[in-house]
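The values are calculated or read from the model by the stated rules, or taken from the named source; none is laboratory data. From a predicted model like this one, the values you see are computed outputs, not experimental measurements. No Cβ is skipped: glycine too gets one built from the backbone with ideal geometry, and neighbour counts run over all protein chains shown.
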Amino acid sequence: MSAALIVDLGLALSILGLGVWTVAARSHNGAVVGYIAYGLLVALVWVRLAAVDVALTEAAIGSGLTGLLLLGVATRLPRSARQPSPTAGRWTRLLAGVLSATVAGGLAAVVLLLPDPAPTLAPSVAANLPATGLGNPVTGVLIAFRAIDTLLESVVLVFAIIGVWSLAPKDGWGERPGWLRPAPLGSALTLLAQLLPPIGILVGIHLFWTGANAPGGAFQGGAVLAAMWVLAMIAGLTRPPAVSRRRLRLVLVIGPALFLAVGVAGIWLAGDFLAYPVAYAKPLILVIEAALTLSIAAALGLLLAGPPEAPSAAERQP
Amino acid sequence: MDLSVMLDHLLAVGGNLLVLALMLPVASLMLAFALGGRHAERIALMTLPLGLAIAVAIAAAVLYGDAPLHTDLGGWAPPLGVALRADGLSAIMLLTTAVVMVAVGLFARADFQAPRGATETRASFAFWTLLLALWAALNAVFLGEDLFNLYVALELLTFAAIPLVCLDGRAPTLAAALRYLMFALLGSVLYLLGAALFYGAYGTLDIGQLAARIGGDDPLEPAALIAAALMTAGLAAKTALFPVHLWLPPAHAGAPAAASALLSALAVKASFFLILRIWFDVMPELLAQMAAQILAALGAAAILFGGVLALRQARLKMLIAYSTIAQLGYLFLVFPLVASPETASLAELRNAPGVWTGGVLQLVSHACAKAAMFMAAGLIAASLGHDRIQDLGGIGRALPMTLFAFGIAGLSLMGLPPSGGFMAKWLLLSAALQSGQWWWMLVILAGGLLTGAYLYRVLAPALFAQNPPPAPVKPVDRSREWVVLGLALISVLLGLVPLSAFSLIQIGRDVSGIGLP
């Protein structure tokens, strides 16, 4: 048995175990912690499958930011709702289990039935990559070949922000998001929030910059930047901006707006919407990615910061 | 300028028209979001006529050129790149969307105007940006030609539609929005799984290329069948097809009238449109015939179940919501009627133009009629302060124009001549007769009776009750009544358009599996 196989087996068993743990956990907090660990291990599986871009995204967004969101929910629930209530009877749960197992088994069977070798567009991507000036095929797909998907996905974030903000209580509109409750100053968290961001911001920018030629890109970089911002907000070192701020709104749309503008310019400069003139492809892509990184970081941070709330009496008197 | 010269110009622009249709609402949305305040409303209102003009231009270009419009985005041809395409059916969907959007936008001004002096209000900002967001999402669905791009379009749709449900901000509407979110996300996951399986089996996500591969000589990959089934199940949940309709009535219960109009008239039609495309544009004819029976059985159940439940509702708005479930059922009867072996074997019925026209007419006339009914009910509720059906006796004398609009929209729903709904149901009935599927005839007739019964419950007392009419608490804005009436009239007038005018539907249809010789 080779070492790689042992590692893979260990990973697979740990993931299954964590899955069971997450489902069976007695408290919401426990389940969320299990889920975060599960996400990190899944990221390792993506590394083993040589899909480093997917691994980065899974770790940053699938496990990190989603986990933080779920932890926030678990701690904000009233004490009476902290324990998952066994509302479903034994038979219902059994039925749900059987149904899930059937779906999982069915999918596994179908995946095994897929043609081997799998049809792939990878050679086609590799052949066309030089026209974009990029070295990372994943970025090539995201920002050139299937640019429309990335453009629309970055617009989805704006939709999500509108959705979250629209949950504002009656007198909360225009105020600061109030979902993140800062920890008391002077705790270990404050120290962490002072030490980590300088490094984290560098890592985030590096991930965006390196995305052109190596695994990384706007989403991963933006997620790391957002994490640093959220850390500073949780530690109470900074407060989320008021949602009525014009500058904040501009930061949120600058990425998709610039992407769209370059895309439209492509109609005249390169003959098609979302086409880049070959000579300027790489610089244009880098500018779009930079703007996207900024917008994504702001959007993810604000999604965690929640809807705007009227300031409490204590906050009004500093 | 000469008309034909103008149309030639349109054709020359061609594919860029599609880009414009998709990107105009996106650009307006971002501008409205960034500027905020009273600008959001102004930008949305300015976008309405532009969007309508683009939809008309696309329909004109498709009709005049007698061919679908098509563009490869970024110049990258599928399977590497992503294409947009508008055939006749897409053009009609774009046009319907634009018409309903314009009507709802004009109607909603009174409800969502930012008050003078106020910098910005929550409901106003959210409504106008979400209106544009929903428009972008719908256009993306109707223009998409790539299964993953369509997944992104569905996500846009989900995140635009759900906040509309809870614009009101009360706890029950929040619970309804969450329930909608659960169904919609489950639908998205199933759809995405299906798209991934299609790619795994054929190495392309482009609908045209998939159809060519699947319709070719190679045996069908088993994964393709599973993929189509998963996607259909997911899309059915988003369409609120019986029995996965459970999210729709509560979502409507507390949503603003304008939001309900958008949801029932347009949002649920987008996922239906994709089910149509999967079975008629991607999958081979034989499988479509088998799936058709299942889908139509669920549709028939929806017609009967929705009708009976509509009869039992105490609130006008809930009655209209259950009526949507029933009317969506009719759309699913299109499947066995188009895909029946009898229809296909008749040479002159190849492509079954009658059924297609009937199905599309049902879709378009329901979109206009239902939006008009929700807005009329909104006017009644705003004027009286309630919408309890038993207390609406004599309302015809208090709000004659609103009730007239409600009534003629109901005419189309019932399928009484002359109306778009009548033509639709008539075409479906005759197709059922010709293809020997008499059982679908019974369902259509029973559905018509149920519709008549539940509308009678509202209209008869409203028009003929002798008791003094309920006193309106607030006067109704005459211009809003005109908007509702206009939309209701469109749904009726569709029935007077000669059928030959619907040749637009057929343009580009024959690339489908059904049409292949």
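Tabulated data
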{"quantity": "Within segment B:109-131, considering residues that are over 19 Å from residue B:257 (Cβ atoms) and more than 8 Å from chain A (Cβ to nearest Cβ), the one surrounded by the most Cβ atoms within 10 Å (Cβ to Cβ)", "calculated": "B:118"}
{"quantity": "Long-range neighbours under 6 Å by Cβ, at least six apart or interchain, first residue closer than 13 Å to residue B:196 by Cα and facing chain B (nearest Cβ under 7 Å) within segment A:102-125, second β-branched (Val, Ile, Thr) and part of a helix (DSSP H, G or I)", "calculated": "A:110/B:226"}
{"quantity": "Helices (runs of 4 or more DSSP H) enclosed by segment A:1-77 - at least 1 residues per element that are within 24 Å of residue A:231 (Cβ to Cβ)", "calculated": "A:28-48, A:52-57, A:66-76"}
{"quantity": "Complete set of residues in segment B:194-217 that are in contact (Cβ under 8 Å) with a residue 40 or more places away in the chain, surrounded by fewer than 23 Cβ atoms within 10 Å (Cβ to Cβ) and assigned to a helix (DSSP H, G or I)", "calculated": "B:195, B:199, B:208, B:209, B:211, B:214, B:215"}
{"quantity": "Options B:337, B:333: the member that is modelled with pLDDT under 95 and either closer than 19 Å to residue B:502 by Cα or out of contact with any helix residue (DSSP H, G or I) (no Cβ under 7 Å at 6 or more places or on another chain) (or both)", "calculated": "B:337"}
{"quantity": "Sole exception among (1) within 7 Å of another protein chain (Cβ to nearest Cβ); (2) at negative phi for residue A:174, by number", "calculated": "(2)"}
{"quantity": "Residues of segment A:277-306 satisfying the condition of being among the small types (Gly, Ala, Ser) and either part of a helix (DSSP H, G or I) or over 22 Å from residue A:238 (Cβ atoms) (or both)", "calculated": "A:279, A:281, A:290, A:291, A:295, A:297, A:298, A:299, A:301, A:305"}
{"quantity": "Exclusive hit being modelled with pLDDT of 90 or more and facing another protein chain (nearest Cβ under 10 Å), set A:226, A:265, A:275", "calculated": "A:275"}
{"quantity": "Hits in segment A:273-308 - residues which are in contact with a strand residue (DSSP E or B) (Cβ under 7 Å, 6 or more places away or on another chain) and either outside the structural domain of residue A:138 (by TED's automatic domain parsing) or more than 22 Å from residue A:221 (Cα to Cα) (or both)", "calculated": "A:307, A:308"}
{"quantity": "Hey, residue B:173 surrounded by fewer than 23 Cβ atoms within 10 Å (Cβ to Cβ), among the β-branched types (Val, Ile, Thr) and assigned to a loop (DSSP other than H, G, I, E, B) or not", "calculated": "no"}
{"quantity": "Those residues of segment B:28-84 which are hydroxyl-bearing (Ser, Thr, Tyr) and modelled with pLDDT under 90, in sequence order", "calculated": "B:64"}
{"quantity": "Number of the condition not met by residue B:501 [criteria: (1) under 23 Å from the mean Cα position of the chain (by Cα); (2) among the small types (Gly, Ala, Ser); (3) outside any helix (DSSP H, G or I)]", "calculated": "(3)"}
{"quantity": "Looking only at segment B:63-90, and only at residues there that are more than 12 Å from every other protein chain (Cβ to nearest Cβ), crowded, with 17+ Cβ neighbours inside 10 Å and in a loop (DSSP other than H, G, I, E, B), the one that is farthest from the chain's Cα centre (by Cα)", "calculated": "B:68"}
{"quantity": "Segment B:15-47, subset away from chain A (no Cβ under 12 Å) and free of Cβ contacts under 8 Å to residues at least 60 places away in the same chain, residue nearest to residue A:243 (Cα to Cα)", "calculated": "B:42"}
{"quantity": "Of all residues in segment A:131-149 being facing chain B (nearest Cβ under 9 Å) and of a type outside the set (Gly, Ala, Ser), the one that is farthest from residue B:26 (Cα to Cα)", "calculated": "A:141"}
{"quantity": "Residue among B:220, B:235, B:241 that is of a type in the set (A, V, I, L, M, F, W, C), over 26 Å from residue B:125 (Cα atoms), part of a loop (DSSP other than H, G, I, E, B) and at pLDDT 90 or above", "calculated": "B:241"}
{"quantity": "Residue B:148 more than 23 Å from residue B:49 (Cβ to Cβ), assigned to a helix (DSSP H, G or I), within 12 Å of chain A (Cβ to nearest Cβ) and free of Cβ contacts under 8 Å to residues at least 40 places away in the same chain", "calculated": "no"}
{"quantity": "Only one of B:421, B:452 that is free of Cβ contacts under 8 Å to residues at least 40 places away in the same chain and within 23 Å of residue B:389 (Cβ to Cβ)", "calculated": "B:452"}
{"quantity": "Filter result for residue A:134 (modelled with pLDDT of 85 or more, of a type in the set (A, V, I, L, M) and assigned to a loop (DSSP other than H, G, I, E, B))", "calculated": "yes"}
{"quantity": "Failed item in (1) within 14 Å of chain B (Cβ to nearest Cβ); (2) over 21 Å from residue A:189 (Cα atoms); (3) under 23 Å from the mean Cα position of the chain (by Cα), with residue A:293 passing the rest", "calculated": "(1)"}
{"quantity": "Per-region count, segment A:206-217, residues modelled with pLDDT of 90 or more and under 16 Å from the mean Cα position of the chain (by Cα)", "calculated": "2"}
{"quantity": "Residues satisfying the stated conditions in segment B:445-497, i.e. of a type in the set (Lys, Arg) and under 17 Å from residue B:413 (Cα atoms)", "calculated": "B:457"}
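Residue-by-condition table, conditions (1) surrounded by 14 or more Cβ atoms within 10 Å (Cβ to Cβ); (2) in the same structural domain as residue A:181 (by TED's automatic domain parsing); (3) under 29 Å from residue A:214 (Cα atoms); (4) modelled with pLDDT of 90 or more:
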{"position": "A:11", "(1), (2), (3), (4)": "yes, no, yes, yes"}
{"position": "A:16", "(1), (2), (3), (4)": "no, no, no, yes"}
{"position": "A:26", "(1), (2), (3), (4)": "no, no, no, no"}
{"position": "A:35", "(1), (2), (3), (4)": "yes, no, yes, yes"}
{"position": "A:38", "(1), (2), (3), (4)": "yes, no, yes, yes"}
{"position": "A:46", "(1), (2), (3), (4)": "yes, no, yes, yes"}
{"position": "A:63", "(1), (2), (3), (4)": "yes, no, yes, no"}
{"position": "A:67", "(1), (2), (3), (4)": "yes, no, yes, no"}
